[in-house]
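We did not get these values from a lab; they are worked out from the coordinates using the rules stated. As the structure is a prediction and not an experimental result, all values here were calculated from the model. Every residue, glycine as well, gets a Cβ built from its backbone with ideal geometry; the counts of neighbours run over all protein chains shown.
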Amino acid sequence: MGGTFDPLHHGHLVAASEVADRFDLQRVIFCPSGAPWHKTTPTTSAEDRYLMTVIATAADPRFEVSRVDIDRDGPTYTVDTLRDLHEGFARAHPHDSAEWFFITGADALTEIVGWHDPDGIIERAHLVGVTRPGHQLADPGLPEGVVTLIEIPALSISSSDIRQRVSEGKPIDYLVPEGVARWIRKHRLYADRQHSGGAS
Ligand code: ATP
Ligand code: MG
């Protein structure tokens, strides 16, 4: 599951958990983006986003966090994420094979055909599109059989709203895991108003 995770919130966790359950996944690998090519506003440092993702997922044995996108220079393209994950898996488990899925919310799924090398993406992972409040979940015209659409419990939470709330001094309790809220407070993230906008 790729994302900016600025910050990771309960919408991300529910999406990951539901897809893991439906597809009986052994692991969900969260991949915080490096420099997101489609994001216009200033973002929090990759290390802060990475660490908040680690804090949020640490207790769940199915969840792990990968640095592939953070450690690669240049803009993050999902096709590179998948290629690096495949290569890492092949190096670590030379005699095993794996089935790969890429989890997206309804908003990201609509955009996927406009991403860099969509054919490369669908060659490397089966797409799973999940419902997200405020967005229509639909196959964006992908070839037959490459995407599965599933309904998940609706959480109307977005990172941009969380950034906005923090900048306005509103609470974010119960929208993000407690450790993430504490990290945001401790490092005074999003206190500056310019961080608030820019959904991706
Ligand atoms: P921003 O508001 O900054 O764009 P976001 O909440 O959309 O943040 P991202 O990091 O952009 O979070 O999203 C990563 C992935 O998680 C995307 O595929 C997105 O569609 C999905 N996602 C995010 N929030 C939800 C949610 N509440 N329900 C379902 N899917 C979600
Ligand atoms: Mg987004």
Pairs of Cα atoms under 8 Å, at least six residues apart: use those to get the relative contact order of the chain, whole percent. 25
State, to one decimal in nm, how far the label point of Leu149 lies from the label point of Arg72, with both points 7 Å from Cα in the Cβ direction. 2.9
Two decimals is fine: what's Rg over Rh for the chain, C-alpha atoms, Kirkwood radius as Rh? 0.94
Report, in whole Å, the centroid distance computed from the Cα atoms of the stretch 1-32 and the stretch 126-140. 14
In a Gaussian network model of the chain with springs linking alpha carbons closer than 10 Å, the residue among Arg22, Arg132, Arg182 that fluctuates most is Arg22
DSSP loop (so not H, G, I, E, B), at most 11 other Cβ within 10 Å: list which GluC sites (Glu not before Pro) in the stretch 14-108 pass both filters. Glu99
Within the set Ala106, Ala138, Ala46, GNM on the chain using Cα springs under 10 Å gives the largest fluctuation to Ala138
Measure off 7 Å from each Cα along the Cα-to-Cβ vector at His126 and Ala98, then give the distance between these two points in nanometres to one decimal. 1.6
Within a Gaussian network of the chain (alpha carbon springs, distance under 10 Å), most fluctuating of His126, His187, His86: His187
Sticking with the crude label model, points 7 Å out along Cα→Cβ, report the distance from Arg185 to Lys170 in nm, one decimal please. 1.9
Axial C-alpha extent at least 15 Å, average Kyte-Doolittle at least 0.0 - helices from the chain (DSSP): 10-23, 46-57
Of the chymotrypsin sites (Phe, Trp or Tyr not before Pro) in the stretch 68-124, those whose Cβ has at most 15 other Cβ within 10 Å and which sit in DSSP loop: Trp100, Trp115
So what's the back-of-envelope 222 nm ellipticity for the chain, counting only DSSP H runs of four-plus at -39500 (n - 2.57) apiece and dividing by all residues, rounded to 500? -11000 deg cm²/dmol
Give me the percent of Cα-Cα pairs in the stretch 25-129 that sit more than 19 Å apart, rounded to a whole number. 47
